[in-house]
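Everything below concerns the one structure shown next.
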Amino acid sequence: MTGGPLADRLTAVRAAIADAAREAGRTESEITTIVVTKFHSAELVRELHALGVRDVGENRHQEASAKAASLGDLDLVWHFVGQLQSKKARQVRSYASVVHSLDRESVIDALALADGAAGVVIDGFVQLNLTDDPGRGGVQPDDLLRIAERVKAADGLRLRGVMAVAPIGEEPRRAFERVRAASARLRTLDPEAGSISTGMSGDFREAILEGATHLRIGSAITGNRTTPG
Ligand SMILES: *Cc1c(COP(=O)(O)O)cnc(C)c1O
């Protein structure tokens, strides 16, 4: 295994995830770590792959599709975590296995397979907006089950759970408690949809303590996004 700062950061984050899982009385194997590689080069993603990373996340379609195309020789699982326009949604299907940001009927319908069309099944998370600002991505808690029903009804999509970003200015653990409650409601609709996508560089410990099954970690592993590498 190669050394260097990237490997060191990855090792440190993996150790911190293991510590938090222990603290929560959970097993690490139920937690998937997605390394968010937005603004970083395809070369960095290749290095991450050499270090054992398989799940990577991107938030912009153009950047994601270019990277996925140039890394087609690697067995990577691409997660789309950004706000999605319905116009682009169909194209995201060509490389992403998981979409974390479902929040509108139009996007869900665009991502779904047309009646009778062949295609792989993509996993979908409904994104919850934990703020009052409709400009942030995600649905308000009252709309969660309605949007989740739409995902369930869509061909070629499998409902996995709920995703959220902790709002700035709220204690992350509090925010993640709300997500956990939303997840419990979602499971009354679909017992299989119990996954929780929460936890970023600054709050993954709190997310793990509140039941996160999917962490989306960028800068703590990749380094600062404004400087190369
Ligand atoms: C960028 C991004 C992340 C990772 O953020 P870091 O703070 O760098 O860990 C996670 N989730 C989403 C939706 C993002 O856009």
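What follows is calculated from the coordinates using simple rules that are stated; it is not laboratory data. Nothing here was measured: the structure is a model prediction, and the numbers come from that model. Note: ideal-geometry Cβ built from the backbone for every residue, glycine included; neighbour counts use all protein chains shown.
Observations, loosely collected:
- The calculated FRET efficiency for the pair residue 118 and residue 146, based on their C-beta separation and a Förster distance of 25 Å, comes to about 0.30.
- Whole-Hz ³J(HN,Hα) from phi, Karplus 6.51 cos²θ - 1.76 cosθ + 1.60, for segment 112-120, glycine and proline x: 5, 7, 5, 3, x, 6, 8, x, 7
- Residue-averaged [θ]222 nm for the chain, counting only DSSP H segments that reach four residues, each worth -39500 (n - 2.57): -11500 deg cm²/dmol
- The alpha carbon gyration tensor of the chain gives principal lengths a ≥ b ≥ c with a/c of 1.5 or higher and a/b no greater than b/c, which makes the shape oblate.
- Ranking of 93, 146, 46 by count of other Cβ atoms within 10 Å, fewest first: 146, 46, 93
- Karplus-derived HN-Hα couplings along segment 77-93 (A = 6.51, B = -1.76, C = 1.60, θ = phi - 60°), whole Hz, x at Gly and Pro: 10, 8, 10, 9, 10, x, 5, 10, 8, 4, 4, 8, 4, 4, 6, 4, 4
- With neighbours defined as other Cβ atoms within 10 Å of a residue's Cβ, the residues 56, 120 order from fewest to most as 120, 56.
- Between amide H atoms placed 1.01 Å from N, distances below 5 Å from residue 36 occur with 57, 217, 218, all of them 5 or more places distant or on a separate chain.
- Approximating the spin labels as points 7 Å out from Cα along Cα→Cβ, the residue 66-to-residue 8 distance works out to 3.0 nm.
- Residue among 165, 92, 77 with the largest mean-square fluctuation in a Gaussian network model of the chain, springs linking Cα atoms under 10 Å: 77
- Whole-Å distance, taken between Cα centres, linking segment 149-169 and segment 25-66: 19 Å
- Helical segments meeting 18 Å axial Cα length and Kyte-Doolittle 0.0 threshold in the chain (DSSP H): 5-23
- For 200, 163, order by how many other beta-carbon atoms lie within 10 Å, fewest first: 200, 163
- Where labels lie 7 Å past Cα in the beta-carbon direction, separation of residue 83 and residue 185 in nm: 2.3 nm
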